[in-house]
Amino acid sequence: MEHRRIGGVSISRLGLGTMTWGRDTDENEAAEQLQYFVEAGGNLIDTAAVYGDGDAERVLGGFIGTLVKRDQVFIASKAGISFKDGSRKISNSRNDLISDLDKSLSRLNVDYLDMWQIHTWDQKTPLDETLSALDYATSSGKARYVGVCNFNGWQLARSSTLQNPIFGKAVISTAQNEYSLLNRKAEEEIIPASSALNLGFLAWSPLGRGVLTGKYRNGVPSDSRGASPHFANFVEPYLSDRAIQIVEAVCVAADGLGYSPLEVALSWVRDAPGVTSALIGARTGAQLRGILTVEQINLPQQVRQALNEVSAN
């Protein structure tokens, strides 16, 4: 698998997401995914403290040093979101972030994270306080690199500017945001800002929350995320008339090229200007093997341009 640079390290241009691990994906399936991904040349593993209320990290931690060596993987986790009493809570206070970091390290059974990220913006916490947690993480050796997720353009630019290494600050190395043919908002500010600030850009949900695979063309399959109580509300916004038109265009392109819709949609994101890595998720090892066939594919420029036009906002 091809690797790309962020800072002084190389990460795989596809990253393995773990959002379903410990819940929809059991340990056996997760082990198969991880082993196959690493054997295919991948190293970026994306997780978060909130995934499965920590279960995703616990499952991954059980494989480090047994199934894979620590230096074979680039572990990226996130902090700042939790679910308490059934409601979603965002807190980027220094106290809560560092507490999340220590819990993540314990669950993962590692001494450090390769990448530690603020999961989302917190309007109630002063930005300087939030960023001080990044400084602590790197100065303590608990994180090698730090980044932010789901920030908008000014939030990313402000954070990156404040984290000037001249003043001993932890440099922000990556931005992570949703990006796909169904959601190209990152092109407006985030990707240009990332490029201008020399940051890596990690694209989550490059398959449009699964809709770009074409599986929802004839309704919501009973075994899909769209039918899951955990993800139904997550998928539903991408079942609009506009989304249907884009999915049909992807399917037409796939038929003409002899590829699957998944391969077309994922390769479009992976090779889009400014993208460092596209994060992929699968429930099973078999699904992941199907996804990784995209490594053999490069979209013709004419097809990429046609998809650009049909998905333009």
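The values are calculated or read from the model by the stated rules, or taken from the named source; none is laboratory data. This structure is a prediction, so every number in the text was calculated from the model and none was measured. Here Cβ is always computed from backbone atoms with ideal geometry, including for glycine, and neighbour counts include all displayed protein chains.
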Practice prompt. Would you mind stating whether Y179 is among the aromatic types (F, W, Y) and closer than 29 Å to W268 by Cα?
Written response: yes
Item to complete: All but one of (1) under 12 Å from A282 (Cα atoms); (2) surrounded by fewer than 24 Cβ atoms within 10 Å (Cβ to Cβ); (3) not polar (S, T, N, Q) hold for L34, so report the exception by its number.
Response: (2)
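Take residues that are buried (at least 16 other Cβ atoms within 10 Å of the Cβ) and not aromatic (F, W, Y) and tell me which of the strands (runs of 3 or more DSSP E) falling wholly in segment 65-123 contain 2 or more.
74-79, 81-84, 113-118
Among S277, S260, which is the only one that is within 26 Å of A40 (Cα to Cα), of a type outside the set (F, W, Y) and touching a Lys or Arg at 6+ places or on another chain (Cβ under 7 Å)?
S277
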Discussion item. Where the second residue is of a type in the set (K, R) and the first is in a loop (DSSP other than H, G, I, E, B) and lies in segment 18-36, which pairs have Cβ atoms under 9 Å and are six or more apart or on separate chains?
Written reply: T20/R225; T20/R283; G22/R58; D24/R225; D24/R283
Worksheet item: Could you list, in sequence order, the residues of segment 292-313 that are out of contact with any Ser or Thr (no Cβ under 7 Å at 6 or more places or on another chain) and either in contact (Cβ under 8 Å) with a residue 40 or more places away in the chain or buried (at least 23 other Cβ atoms within 10 Å of the Cβ) (or both)?
Response: L292, E295, P300, V303, A306, L307, V310, S311, A312, N313
Practice prompt. Write out, first by first residue and then by second, each pair whose Cβ atoms fall under 7 Å of each other, whose residues are 6+ apart or on separate chains, and whose first residue, in segment 121-133, is closer than 15 Å to Q163 by Cβ while the second is β-branched (V, I, T) and not in a loop (DSSP other than H, G, I, E, B).
Written response: T130/I118; A133/I98
Item to complete: State whether the residues of segment 42-61 include one that is over 16 Å from C149 (Cα atoms), in contact (Cβ under 8 Å) with a residue 12 or more places away in the chain, of a type in the set (D, E, K, R) and touching a Gly at 6+ places or on another chain (Cβ under 6 Å).
Response: yes
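Restricting attention to segment 128-181, and to residues there that are among the β-branched types (V, I, T) and outside any loop (DSSP other than H, G, I, E, B), which single residue is surrounded by the most Cβ atoms within 10 Å (Cβ to Cβ)?
V148
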Discussion item. Condition first: assigned to a helix (DSSP H, G or I) and at pLDDT below 95. Now tell me which residues in segment 270-287 satisfy that.
Written reply: G285, A286, Q287
Discussion item. D55 - would you say it is part of a helix (DSSP H, G or I) and more than 18 Å from the chain's Cα centre (by Cα)?
Written reply: no
Worksheet item: For G42, which of the numbered conditions (1) of a type outside the set (F, W, Y); (2) in contact with a helix residue (DSSP H, G or I) (Cβ under 9 Å, 6 or more places away or on another chain); (3) surrounded by fewer than 24 Cβ atoms within 10 Å (Cβ to Cβ); (4) modelled with pLDDT of 95 or more fails to hold?
Response: (3)
Practice prompt. Could you figure out which of (1) surrounded by fewer than 23 Cβ atoms within 10 Å (Cβ to Cβ); (2) in contact with a strand residue (DSSP E or B) (Cβ under 8 Å, 6 or more places away or on another chain); (3) among the small types (G, A, S) isn't true of A286?
Written response: (2)
Worksheet item: Given the residues D241, D271, which is the only one that is under 12 Å from L14 (Cβ atoms) and charged (D, E, K, R)?
Response: D271
